[in-house]
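What follows is a short report on a single structure.
All of the numbers you see were taken from the coordinates with simple rules; none came from a lab. Everything quoted here is computed from the prediction, not taken from an experiment. With ideal geometry, Cβ positions are generated from the backbone for all residues, glycine too; neighbour counts draw on all protein chains shown.
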């Protein structure tokens with residue numbers, strides 16, 4: 001296993017959000033879909049001078065974001081992205097949310113419609129620990145990257161690195177960059193489908 005480096009997390013962000021923050025150009029217009037508590041939005045707005053909007057289904061998270069001065073609306077990305085204009089944003093971000101979408105293929109279409117560039121991150125279901133849990137334990141895995149039991153998880157479409165690359169090709173999306181992580185550690189591309197706990201892709205079309 002070749003370890004490239006251990007990246008310093010930008011402003012305390014988790015690794016996938018940190019690499020996204022480093023790639024977004026200052027003063028860009030950004031849509032953060034499934035923005036959670038708004039930690040990435042706050043960094044982009046405060047330190048990168050971006051015009052950042054968010055959409056989040058959890059009402060408590062929306063309240064926390066608004067209380068911090070962030071522009072977030074409560075909505076369901078599976079349905080409400082249709083209300084946003086074509087190429088209305090420089091970047092559309094979907095972090096750790098694709099696997100919860102009703103139709104990830106349609107979600108990717110919408111990301112690439114509303115954003116000139118799109119960032120997508122997700123837990124990699126082909127990670128070796130996940131495979132081992134299924135092979136040797138015979139049960140749906142509970143791992144660091146997939147920490148919730150099968151009956152309580154919001155992950156309804158398990159996706160692998162290979163699956164996502166195939167989906168991007170099917171949708172005519174160009175993969176601009178990709179990053180792979182095991183915990184906080186960034187990994188090389190070789191063997192990422194089995195080595196990476198989660199992945200980040202930057203795409204355009």
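Against the conditions (1) in contact with a strand residue (DSSP E or B) (Cβ under 6 Å, 6 or more places away or on another chain); (2) crowded, with 22+ Cβ neighbours inside 10 Å, where does residue 108 fall short? Just the number, please.
Residue 108 satisfies every listed condition except (1).
Considering only residues of the range 38-64 that are outside any strand (DSSP E or B) and under 14 Å from the mean Cα position of the chain (by Cα), which is surrounded by the fewest Cβ atoms within 10 Å (Cβ to Cβ)? I'd like the intermediate steps shown before the answer.
Within the range 38-64, the first condition is being outside any strand (DSSP E or B), and the residues that meet it are 38-50, 57-64.
Pick out the ones that are also under 14 Å from the mean Cα position of the chain (by Cα) and you get 38-41.
Values: 38: 25, 39: 19, 40: 27, 41: 27.
Across the range 38-64, the extreme among qualifying residues is 39.
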